[in-house]
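Student: Attaching a single structure in structure tokens format; questions to follow.
Values quoted throughout were computed directly from the atomic coordinates according to the rules given, and no laboratory measurement underlies them. Here the structure is a predicted model, which is why all the values come from computation and not from measurement. Positions of Cβ are backbone-derived with ideal geometry, glycine not excepted, and every protein chain shown enters the neighbour counts.
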Amino acid sequence: MRARVLGAAAGGGFPQWNCACPNCVGVRAGDPAFRARSQASTAVSGDGRDWFLLNASPDIRTQIESFAALHPRAPRDTPIAGIVLTNGDIDAVLGLLILRESQPLHVYATDAVTRGLRERNVLLRTLARFDGHVTWHPLVPGQPTALVGAGGPSGLVLTPVALAGKVALHLETLLLPSGEDNIGLVIADGGGRSLAYFPGLAGPTPECDQRARAADVLMVDGTFYTDDELARLGLGTRRARDMAHWPLSGPDGSLPWLASLPCRRKILVHINNTNPILREDAPERAQLTAAGVEVAHDGLEVEW
Ligand SMILES: [Zn+2]
């Protein structure tokens, strides 16, 4: 299997257009301790031909251009065999609209996420220009689904995992919360290799623990270091947990849990621009390294 992080930042990216936090100021100034990052998405393939995007970020166009394996091989073509959505947040789905050029697409999403898109957003009609423009593949937590390649089975099987999360911000007063609002993805090949992609995780659950523990490679929510990160920087009052993100630090943070997992690689994705771990020489970064946890950057590749 091969996985490439196309974007490692949380919504807003790094730097974020309207943010002058110390990290955003530093990366704009060219401080070598920082590296800019686009919004979260990862590409995965079992055979190097058919690729699946895990979420469609607002930065999808430049992310596709940044990776030759995703470039068209014919006048109208794409190696992107499917797009799998973990939730309906803008930073996970906006890229779908960017892919509007009459290319048939396969989108995998839960019923709750699909309804939020198809019934609540008139712009999505740009992806209904002809019969078969988008083939929607329903995902049900706990039910394995074969990912379809261009010429038949891709060899990859996806198991959606219900994760603690919340309904997309723009749908909060329109749709009732559901256990299908936020899922993790476990993608396995026929040889027993697996990737767990959990970019949004509000807190621990027994199933999340079991699925993460069993994966070779885990890519997991690294949005915030502390629960009160935004308040400390004077950027708002909402806590990480209010936004359904499990902060890394503290005795009940995700870092002690991550340190206990036997996965071959444990990689943080969906990192908010305020997070001190974005500074490569930060003490918080050293704590991650000591726990065997990596910080993703755009272009990071794992092959196993
Ligand atoms: Zn910032």
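Student: Please identify which residues in the range 43-61 have an amide N closer than 15 Å to a label point set 7 Å out from the Cα of ALA68, following the Cα→Cβ vector.
Tutor: Residues passing the 15 Å test: 49.
Student: How far is it, in nm, from the label point at TRP17 to the one at ASP47 when both lie 7 Å from their Cα along the line to the Cβ?
Tutor: For the pair TRP17/ASP47, the computed spacing is 4.0 nm.
Student: Taking every pair of Cα atoms in the chain, average 1/r, invert it to obtain the Kirkwood radius, and report Rg/Rh to two decimals.
Tutor: We get a ratio of 0.94 for the chain.
Student: To continue, here is another question. So what is the calculated 222 nm ellipticity per residue for the chain, using -39500 (n - 2.57) for each DSSP H run with n of 4 or more, over all residues, to the nearest 500 deg cm²/dmol?
Tutor: For the chain, the value works out to -5000 deg cm²/dmol.
Student: If I take every Cα pair under 8 Å that is 6 or more residues apart in the chain, average their sequence separation and divide by the length, what percent do I get for the relative contact order?
Tutor: The normalised contact order for the chain reaches 20 percent.
Student: Mind ranking 67-73, 199-205 by how tightly packed they are, going by the mean number of other C-beta atoms within 10 angstrom, highest first?
Tutor: Packing order, densest peptide first, comes out as 199-205, 67-73.
Student: Let me ask something else about it. In nm, to one decimal, how far is the ALA128 label point from the GLU303 one, both placed 7 Å along Cα→Cβ?
Tutor: In this crude spin-label approximation the distance works out to 4.2 nm.
Student: If you don't mind, there's one more thing I want to ask. Measure out, as a whole number of angstrom, how far apart the alpha-carbon centroids of the range 140-179 and the range 273-304 sit.
Tutor: 27
Student: If packing is taken as the mean number of other Cβ atoms within 10 Å per residue, what is the order of 231-237, 36-42, 170-176, 285-291, highest first?
Tutor: For the peptides 231-237, 36-42, 170-176, 285-291, the packing ranking is 36-42, 285-291, 170-176, 231-237.
Student: Report, to one decimal in Å, the Kirkwood hydrodynamic radius for the range 1-105 based on all distinct Cα pairs.
Tutor: Taking the inverse mean of 1/r over all distinct Cα pairs, the range 1-105 comes out at 14.6 Å.
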